[in-house]
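Undergrad: One structure follows; several queries about it will come next.
The values are calculated or read from the model by the stated rules, or taken from the named source; none is laboratory data. Here the structure is a predicted model, which means the values were calculated and not measured. Ideal geometry is used to build each Cβ from the backbone, glycine not excepted, and the neighbour counts take in all protein chains shown.
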Amino acid sequence: MTNLKALDKIAAIVRGADTDRHDFAPQSAGLEAIFSGLAYHSSDDQELLAFGMRIYDGLYSWAKHLYKKKHTEAGPVEKMLLEIYNKYLQDNKGKKAPVWAKELKEMIQDQMDTNMSLSLQQVSDELEINPAYLSREFSKYFDNLSFGDYIRKIRIEKAMLLMETTKYSLTEIAYLTGFSDQSHFNRIFKKQTGENPSAYRKKALKGKEDTNS
């Protein structure tokens, strides 16, 4: 049976990709990049149609069953992207990054922070509440924080959990929690907690060792 809510989500993504309005849905940029890349490498309309149908099948399954699943749960796609990113870092130390590497970095970022970059417009659409009203009333019910500050707080809390429970590097954690790079992550983390991520991780791990000893 067709799920109308899933179709509504897909419609926003496709509309954003077709009109270059990526504010409609964070997934729009990724969809546009995928189809632009496919069209660049193939002029066979039937082949493109077959690829497109598979992609839309996957998008529908995501919208119906998986859209609430966080990328930080480290499924196979996330692990593959981290491997690509780390291989890029290892192979290009000391080299000036080419244009394609910057574009790849942006594509990886789009994929990884899909569920960590909710916009006020998306939330208001989902809840069917006027965005101006939601913005004005938000802080009353969410720790006296604005929408943007609250989302940053959630990102930092997720990063803290990953530092305490995984072996991901700080660079990987920065990407998995929606920050543009580790420098950005370090700056926001220190602003929110008063200490650098590396210092926090050392203290957290030491506390865990003391507890287990």
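Undergrad: Tell me which residues, restricted to region 13-38, are β-branched (Val, Ile, Thr) and either surrounded by 21 or more Cβ atoms within 10 Å (Cβ to Cβ) or assigned to a loop (DSSP other than H, G, I, E, B) (or both).
TA: 13
Undergrad: Can you tell me which residues in region 167-200 are within 18 Å of the chain's Cα centre (by Cα) and assigned to a loop (DSSP other than H, G, I, E, B)?
TA: 168, 169, 177, 178, 179, 180, 181
Undergrad: Right, next: Between a residue in region 175-194 that is on the phi > 0 side of the Ramachandran plot and any residue that is in a loop (DSSP other than H, G, I, E, B), which pairs come within a Cβ distance under 6 Å, given they are 6 or more apart or on different chains?
TA: Final answer for the pair search is 178/113; 178/117.
Undergrad: Tell me which of these residue 53 doesn't satisfy, since it passes every other one: (1) more than 21 Å from residue 122 (Cβ to Cβ); (2) at pLDDT below 85.
TA: (2)
Undergrad: List every residue pair whose Cβ atoms lie under 6 Å apart, where the two residues are 6 or more positions apart in sequence or sit on different chains, the first residue falls within region 120-149 and is part of a loop (DSSP other than H, G, I, E, B), and the second residue, located anywhere, is surrounded by 15 or more Cβ atoms within 10 Å (Cβ to Cβ).
TA: Matching pairs, first to second residue: 142/150.
Undergrad: Another question, then. Out of region 10-65, which residues are of a type in the set (Ser, Thr, Tyr) and under 20 Å from the mean Cα position of the chain (by Cα)?
TA: 28, 56, 60, 61
Undergrad: Could I ask something else about it? In this structure, does residue 169 turn out to be touching a Leu at 6+ places or on another chain (Cβ under 7 Å), assigned by TED's automatic domain parsing to the domain that holds residue 124 and polar (S, T, N, Q)?
TA: Spelling it out, it is not the case that residue 169 is touching a Leu at 6+ places or on another chain (Cβ under 7 Å), assigned by TED's automatic domain parsing to the domain that holds residue 124 and polar (S, T, N, Q).
Undergrad: For the condition farther than 23 Å from residue 27 by Cα, at pLDDT 85 or above, outside the structural domain of residue 16 (by TED's automatic domain parsing) and touching a Ser or Thr at 6+ places or on another chain (Cβ under 8 Å), what is the one hit in 183, 146?
TA: 146
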